[in-house]
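We did not get these values from a lab; they are worked out from the coordinates using the rules stated. Remember, it's a predicted structure, so these values are computed and weren't measured experimentally. When we count neighbours, we look across all protein chains shown, and the Cβ atoms used for this are built from the backbone with ideal geometry, even at glycine.
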Amino acid sequence: MMGNSHTVAAGLLIATAAALTGCNPAPDRVDEESGDQGAAANASAPAAPVPAVRPAVVQPAFVDEASGLALRPVPGARVGADVESGALTPGSWKLFAEPGSEGRRVVAVVLDGSNEVTTAAMRIGVSADPSSMAACLQLPAESTGPAAGQVEIGGVPFTHFRAGDAAMSHYVSADSYRAVHGGQCVAIDLLVKGTRPEVYDPPRTPPFTIEEAQQKLQALLPAVYWQR
């Protein structure tokens, strides 16, 4: 009898363990299934939208409504300032204008530090005069240096040449650009003019050399564009 009792008790223990095992799945399997479900939920969830970043709107420093020409802000220079006329830089619409040429001076941008010894400026003028249009891309007699080349300014192809003149102690040196655009001749002159400093008593120190001024003026060209 005792042997049978032990056998029955052992059978009951085995049956109970089997029942418990069937009711409670293996912990490792539960963890794996939970992880798979979480990963699937994360994969199906839409990504958070990235807010659009609007580019900063830069207001032009100058706009000529008649021609559509505009200038971006130009640090280190005064926009709208004019350049005093002189024997070598008369008040014409472009540097070294042909006799009788008619046009309009649009704007001048003068480098900070310019004075009576040395002035550096970008001058822009336009002309719709038929004779000026016909001669727009012709080089003046005062042109110097290498042959004319092509330069794009504000998306418009320009003819580029160098020019200069001197008289007594005065001088003018320029990088000039000409283009026919919007039914008119556009003239951009990067000019450096002044009086030779050694003629002063005592000699004066210029605010910048001609080479330094030319480099600074070249940096102004990307500010030029057209609104139409």
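Taking the number of other C-beta atoms within 10 Å as the exposure measure, put T195, T144, T205, T89 in order starting with the fewest.
Ordered by Cβ neighbours within 10 Å, fewest first: T205, T144, T195, T89.
Tally Lys and Arg at +1 and Asp and Glu at -1 over the other residues with C-beta under 12 Å from the C-beta of D189: what net charge comes out?
With Lys, Arg at +1 and Asp, Glu at -1, the neighbours total +4.
If R0 is 30 Å, what FRET efficiency do you get for T144 and E102 from their C-beta distance, rounded to 0.05?
It comes out at approximately 0.70.
Would you list E152, E102 from fewest to most Cβ contacts within 10 Å?
E152, E102
For region 80-228, what is the convex hull volume of the alpha-carbon atoms per residue, in Å³?
Hull volume normalised by residue count: 109 Å³.
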